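Below: one structure, written as structure tokens.
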Amino acid sequence: VVPVVANLGPLEDLTLSPNPEEVAEVFTLPLAHLLREENQGYTHFRTGGRYGYTLPVFLNGPHRVWGLTAIITELTLELLAPDRY
């Protein structure tokens, strides 16, 4: 996994060809959406009936953003908007 943050210009002009065996759908979320508290949350995982670990989750978009994508998104928001995230 290699996260890339870039300004690609108008997204309508892009032609993406993701591997269909790895990517079901490509979608975007504006930075403003990700920074709204009502769209941020955490998922708590339990193992063996006990607390295991907590991961970020981003809600209220076309899909829930979770797992490694949410971790990378959270780390990116901490760098891009440390005063707002």
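Is it the case, given these coordinates, that Asn39 is out of contact with any Asp or Glu (no Cβ under 8 Å at 6 or more places or on another chain) and under 14 Å from Ala70 (Cβ atoms)? Criteria met by Asn39.
Looking at the range 52-68, which of the residues that are small (Gly, Ala, Ser) and in contact (Cβ under 8 Å) with a residue 12 or more places away in the chain is surrounded by the most Cβ atoms within 10 Å (Cβ to Cβ)?
Our first condition is that a residue be small (Gly, Ala, Ser); within the range 52-68, this holds for 52, 61, 67.
Of the ones still in play, those that are also in contact (Cβ under 8 Å) with a residue 12 or more places away in the chain are 61, 67.
Working: Gly61: 14, Gly67: 12.
The residue in question is Gly61.
Leu8 - would you say it is open to solvent by 80 Å² or more (accessible area, probe 1.4 Å) and hydrophobic (A, V, I, L, M, F, W, C)? So Leu8 fits the description; yes.
Inside the range 69-85, residues that are hydrophobic (A, V, I, L, M, F, W, C), in contact with a helix residue (DSSP H, G or I) (Cβ under 8 Å, 6 or more places away or on another chain) and open to solvent by 90 Å² or more (accessible area, probe 1.4 Å) make up a count of 1. All told, Asn19 falls short of being surrounded by 10 or more Cβ atoms within 10 Å (Cβ to Cβ) and either within 14 Å of the chain's Cα centre (by Cα) or among the polar types (S, T, N, Q) (or both). Can you confirm whether Thr43 is in contact with a Phe, Trp or Tyr (Cβ under 7 Å, 6 or more places away or on another chain), among the polar types (S, T, N, Q), open to solvent by less than 70 Å² (accessible area, probe 1.4 Å) and in a helix (DSSP H, G or I)? So Thr43 does not fit the description; no. Looking at Thr54, Thr28, just one residue is within 25 Å of Tyr85 (Cβ to Cβ) and at pLDDT 90 or above, and that residue is Thr54.
The residue pairs whose first member lies in the range 69-85 and is in a loop (DSSP other than H, G, I, E, B), whose second member is open to solvent by less than 30 Å² (accessible area, probe 1.4 Å), and whose beta carbons are closer than 7 Å, counting only pairs six or more residues apart or on different chains, are Ala81/Leu35; Arg84/Leu35; Tyr85/Leu35; Tyr85/Leu77.
Going through Asn19, Asn60, Asn7 one at a time, which residue ends up being closer than 24 Å to Pro82 by Cα, at pLDDT 90 or above and assigned to a loop (DSSP other than H, G, I, E, B)? Every option except Asn60 fails the conditions. Put simply, of Glu12, Glu25 the only residue that is among the acidic types (Asp, Glu) and touching a residue at least 24 places away in the same chain (Cβ under 8 Å) is Glu25.
The values are calculated or read from the model by the stated rules, or taken from the named source; none is laboratory data. Model, not experiment: these values are computed from the prediction. Using ideal geometry, Cβ is built from the backbone for each residue, glycine included, and neighbour counts are taken over all protein chains shown. In case anyone asks, the SASA skips ligands and DNA or RNA and just uses the protein heavy atoms, side chains included. Shrake-Rupley method; radii C 1.70, N 1.55, O 1.52, S 1.80 Å.
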